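What follows is a short report on a single structure.
The values are calculated or read from the model by the stated rules, or taken from the named source; none is laboratory data. These numbers come from a predicted model, not from an experiment. Ideal geometry is used to build each Cβ from the backbone, glycine not excepted, and the neighbour counts take in all protein chains shown. Side chains included, ligands, DNA and RNA excluded: accessible areas come from the protein's heavy atoms. Shrake-Rupley method; radii C 1.70, N 1.55, O 1.52, S 1.80 Å.
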Amino acid sequence: FVNKSKIRSKILKFRKDNTNKNFKIDTRKFFSFLKTRKYNFKNFGGYYPTNHEIDDLEILYLLEKKNYNILLPIIRKNNQMDFFKWSRNDPLKINKYGIPEPIKSKIFYPEILFVPLVAYDDNLNRLGYGGGFYDRYINKIEKYKKIIKIGLAFSYQRLKKIPFAEHDKKLDFIMTEKGILEWKYYF
(Lines give C-alpha, C1' and ligand atoms only; values in the text may rest on other atoms or scores of the structure.)
Protein backbone atom coordinates (compact mmCIF):
# COMPACT_ATOMS: atom_id res chain seq x y z
CA PHE A 1 0.00 0.00 0.00
CA VAL A 2 1.39 3.37 -1.04
CA ASN A 3 0.72 6.39 1.14
CA LYS A 4 -1.25 9.07 -0.75
CA SER A 5 0.18 11.91 1.34
CA LYS A 6 3.78 10.90 0.49
CA ILE A 7 2.94 10.83 -3.22
CA ARG A 8 1.14 14.16 -2.90
CA SER A 9 4.12 15.83 -1.17
CA LYS A 10 6.62 14.61 -3.78
CA ILE A 11 4.51 15.62 -6.78
CA LEU A 12 3.61 19.04 -5.35
CA LYS A 13 7.27 19.82 -4.64
CA PHE A 14 8.28 18.65 -8.11
CA ARG A 15 5.47 20.70 -9.70
CA LYS A 16 6.52 23.81 -7.76
CA ASP A 17 10.15 23.40 -8.82
CA ASN A 18 9.46 22.48 -12.47
CA THR A 19 6.35 24.30 -13.58
CA ASN A 20 6.71 26.30 -16.74
CA LYS A 21 4.93 29.51 -15.80
CA ASN A 22 4.08 30.18 -19.45
CA PHE A 23 2.40 26.81 -20.08
CA LYS A 24 -1.21 27.11 -21.10
CA ILE A 25 -3.75 24.65 -22.40
CA ASP A 26 -3.90 24.52 -26.20
CA THR A 27 -7.25 26.25 -26.70
CA ARG A 28 -7.58 25.07 -30.31
CA LYS A 29 -7.17 21.44 -29.27
CA PHE A 30 -9.63 21.92 -26.46
CA PHE A 31 -12.37 23.46 -28.62
CA SER A 32 -11.75 20.85 -31.32
CA PHE A 33 -12.13 18.17 -28.66
CA LEU A 34 -15.46 19.68 -27.51
CA LYS A 35 -16.68 19.95 -31.10
CA THR A 36 -15.93 16.29 -31.90
CA ARG A 37 -17.81 15.19 -28.77
CA LYS A 38 -20.88 17.32 -29.62
CA TYR A 39 -21.48 18.07 -25.97
CA ASN A 40 -24.57 20.11 -25.29
CA PHE A 41 -23.73 22.36 -22.38
CA LYS A 42 -24.37 25.86 -21.11
CA ASN A 43 -22.60 25.74 -17.72
CA PHE A 44 -18.85 25.18 -17.53
CA GLY A 45 -17.15 24.66 -14.16
CA GLY A 46 -13.56 25.74 -13.80
CA TYR A 47 -11.23 26.70 -11.00
CA TYR A 48 -9.05 29.67 -10.20
CA PRO A 49 -5.48 28.32 -10.52
CA THR A 50 -3.29 28.38 -7.43
CA ASN A 51 -0.35 26.37 -6.12
CA HIS A 52 1.26 26.01 -9.59
CA GLU A 53 -1.84 24.39 -11.14
CA ILE A 54 -2.45 24.51 -14.86
CA ASP A 55 -4.05 27.83 -15.74
CA ASP A 56 -7.55 27.30 -17.15
CA LEU A 57 -8.52 31.00 -17.19
CA GLU A 58 -7.87 31.60 -20.91
CA ILE A 59 -10.31 28.83 -21.86
CA LEU A 60 -12.84 30.12 -19.33
CA TYR A 61 -12.59 33.62 -20.83
CA LEU A 62 -13.08 32.24 -24.36
CA LEU A 63 -16.09 30.22 -23.22
CA GLU A 64 -17.54 33.33 -21.62
CA LYS A 65 -17.12 35.23 -24.93
CA LYS A 66 -19.14 32.43 -26.56
CA ASN A 67 -21.94 33.07 -24.01
CA TYR A 68 -21.38 30.06 -21.77
CA ASN A 69 -21.87 30.44 -18.04
CA ILE A 70 -18.52 30.23 -16.27
CA LEU A 71 -18.72 28.73 -12.81
CA LEU A 72 -16.15 28.72 -10.02
CA PRO A 73 -16.38 26.83 -6.73
CA ILE A 74 -17.01 28.22 -3.29
CA ILE A 75 -16.02 26.01 -0.37
CA ARG A 76 -18.77 25.92 2.23
CA LYS A 77 -19.05 24.51 5.73
CA ASN A 78 -18.41 20.81 6.33
CA ASN A 79 -15.94 20.79 3.41
CA GLN A 80 -18.77 21.00 0.88
CA MET A 81 -18.44 22.86 -2.38
CA ASP A 82 -20.88 24.47 -4.81
CA PHE A 83 -20.39 26.35 -8.06
CA PHE A 84 -21.43 29.92 -8.74
CA LYS A 85 -21.53 32.02 -11.89
CA TRP A 86 -18.51 34.24 -12.43
CA SER A 87 -17.32 36.64 -15.10
CA ARG A 88 -13.77 37.84 -15.57
CA ASN A 89 -14.88 41.34 -14.53
CA ASP A 90 -16.49 40.16 -11.29
CA PRO A 91 -14.63 40.62 -8.00
CA LEU A 92 -13.28 37.61 -6.14
CA LYS A 93 -12.70 37.04 -2.45
CA ILE A 94 -9.93 34.90 -0.97
CA ASN A 95 -11.11 31.90 1.06
CA LYS A 96 -9.38 30.41 4.11
CA TYR A 97 -7.23 28.20 1.83
CA GLY A 98 -5.96 31.22 -0.13
CA ILE A 99 -8.08 30.38 -3.20
CA PRO A 100 -10.00 33.15 -5.00
CA GLU A 101 -13.76 32.53 -5.04
CA PRO A 102 -16.68 34.38 -6.63
CA ILE A 103 -18.97 36.46 -4.48
CA LYS A 104 -22.00 34.31 -3.67
CA SER A 105 -24.91 34.36 -6.05
CA LYS A 106 -27.22 31.67 -7.37
CA ILE A 107 -25.87 28.09 -7.42
CA PHE A 108 -25.31 26.66 -10.91
CA TYR A 109 -24.57 23.06 -11.89
CA PRO A 110 -21.88 22.47 -14.52
CA GLU A 111 -22.34 20.01 -17.36
CA ILE A 112 -18.55 20.03 -17.92
CA LEU A 113 -16.08 20.45 -15.08
CA PHE A 114 -12.34 21.13 -15.08
CA VAL A 115 -10.82 19.31 -12.11
CA PRO A 116 -7.41 20.28 -10.68
CA LEU A 117 -5.23 17.41 -9.55
CA VAL A 118 -1.90 16.45 -8.06
CA ALA A 119 -1.36 13.22 -10.02
CA TYR A 120 -3.20 10.85 -12.36
CA ASP A 121 -2.84 7.43 -13.96
CA ASP A 122 -3.84 5.85 -17.29
CA ASN A 123 -7.05 4.52 -15.74
CA LEU A 124 -8.23 8.13 -15.25
CA ASN A 125 -7.80 7.97 -11.49
CA ARG A 126 -6.98 11.28 -9.84
CA LEU A 127 -5.02 12.14 -6.75
CA GLY A 128 -6.26 15.45 -5.36
CA TYR A 129 -5.07 17.58 -2.49
CA GLY A 130 -6.56 15.32 0.16
CA GLY A 131 -9.62 17.33 1.21
CA GLY A 132 -12.10 15.33 -0.86
CA PHE A 133 -13.88 18.47 -2.09
CA TYR A 134 -14.18 17.41 -5.73
CA ASP A 135 -15.00 13.77 -4.90
CA ARG A 136 -17.85 14.89 -2.62
CA TYR A 137 -19.10 17.44 -5.14
CA ILE A 138 -19.06 14.99 -8.06
CA ASN A 139 -20.78 12.34 -5.95
CA LYS A 140 -23.51 14.84 -5.01
CA ILE A 141 -24.06 16.09 -8.58
CA GLU A 142 -24.03 12.69 -10.28
CA LYS A 143 -27.09 11.69 -8.26
CA TYR A 144 -29.02 14.23 -10.39
CA LYS A 145 -27.20 14.62 -13.70
CA LYS A 146 -24.30 13.44 -15.82
CA ILE A 147 -21.24 15.65 -15.59
CA ILE A 148 -18.16 15.44 -17.85
CA LYS A 149 -15.06 15.56 -15.64
CA ILE A 150 -11.82 16.76 -17.27
CA GLY A 151 -8.65 16.69 -15.19
CA LEU A 152 -5.92 19.21 -16.03
CA ALA A 153 -2.32 18.21 -15.42
CA PHE A 154 1.22 18.34 -16.68
CA SER A 155 2.33 15.08 -18.29
CA TYR A 156 4.99 14.61 -15.58
CA GLN A 157 2.18 14.25 -13.01
CA ARG A 158 1.34 10.85 -14.51
CA LEU A 159 2.00 7.89 -12.23
CA LYS A 160 1.87 4.21 -13.03
CA LYS A 161 -0.95 3.64 -10.54
CA ILE A 162 -2.85 5.93 -8.18
CA PRO A 163 -4.07 4.40 -4.91
CA PHE A 164 -7.84 4.32 -5.36
CA ALA A 165 -10.51 4.20 -2.63
CA GLU A 166 -14.23 3.53 -2.98
CA HIS A 167 -15.14 7.22 -2.50
CA ASP A 168 -12.63 8.42 -5.14
CA LYS A 169 -14.19 9.59 -8.42
CA LYS A 170 -12.64 8.74 -11.79
CA LEU A 171 -12.28 11.40 -14.43
CA ASP A 172 -13.66 11.12 -17.96
CA PHE A 173 -10.61 12.74 -19.60
CA ILE A 174 -7.25 14.19 -18.62
CA MET A 175 -5.71 17.06 -20.59
CA THR A 176 -1.97 17.65 -20.53
CA GLU A 177 0.40 19.63 -22.73
CA LYS A 178 0.82 16.42 -24.77
CA GLY A 179 -2.83 15.79 -25.48
CA ILE A 180 -6.00 14.32 -24.05
CA LEU A 181 -6.01 11.02 -22.21
CA GLU A 182 -9.08 8.88 -22.75
CA TRP A 183 -9.20 5.14 -22.15
CA LYS A 184 -5.39 4.89 -22.01
CA TYR A 185 -4.67 6.65 -25.33
CA TYR A 186 -3.56 10.17 -26.18
CA PHE A 187 -4.98 11.87 -29.27
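Restricting the search to region 131-176, which residues are farther than 29 Å from Phe108 by Cβ and assigned to a loop (DSSP other than H, G, I, E, B)? Spell out the reasoning first.
Initial filter on region 131-176 (farther than 29 Å from Phe108 by Cβ): 155-156, 158-164.
If the condition is that a residue be farther than 29 Å from Phe108 by Cβ and assigned to a loop (DSSP other than H, G, I, E, B), then Leu159, Lys160, Lys161, Ile162, Pro163, Phe164 are the ones that fit.
What is the residue count in region 41-82 for residues that are polar (S, T, N, Q) and farther than 20 Å from Gly98 by Cα? Give the derivation first.
Initially, region 41-82 is screened for residues polar (S, T, N, Q), giving 43, 50-51, 67, 69, 78-80.
Add one more test, that the residue is farther than 20 Å from Gly98 by Cα, and what stays is 43, 67, 69.
So the count comes out to 3.
From the list Ile103, Ile112, Ile174, exactly one residue is among the hydrophobic types (A, V, I, L, M, F, W, C) and in contact with a Pro (Cβ under 9 Å, 6 or more places away or on another chain). Which is it? Reasoning before the result, please.
Details: Ile112 fails: in contact with a Pro (Cβ under 9 Å, 6 or more places away or on another chain); Ile174 fails: in contact with a Pro (Cβ under 9 Å, 6 or more places away or on another chain).
That would be Ile103, the only listed residue that is among the hydrophobic types (A, V, I, L, M, F, W, C) and in contact with a Pro (Cβ under 9 Å, 6 or more places away or on another chain).
Of the residues that sit in region 54-96 and are in a loop (DSSP other than H, G, I, E, B) and open to solvent by less than 30 Å² (accessible area, probe 1.4 Å), which one is farthest from Ile150 (Cα to Cα)? For region 54-96, the residue satisfying everything is Asn95.
A single member of Gly128, Gly151 is under 22 Å from Lys29 (Cα atoms) and open to solvent by less than 20 Å² (accessible area, probe 1.4 Å), and it is Gly151.
Name the single residue, out of those in region 49-78 being among the polar types (S, T, N, Q) and over 17 Å from the mean Cα position of the chain (by Cα), that is farthest from Gly128 (Cα to Cα). Looking at the filtered set, the residue picked out is Asn67.
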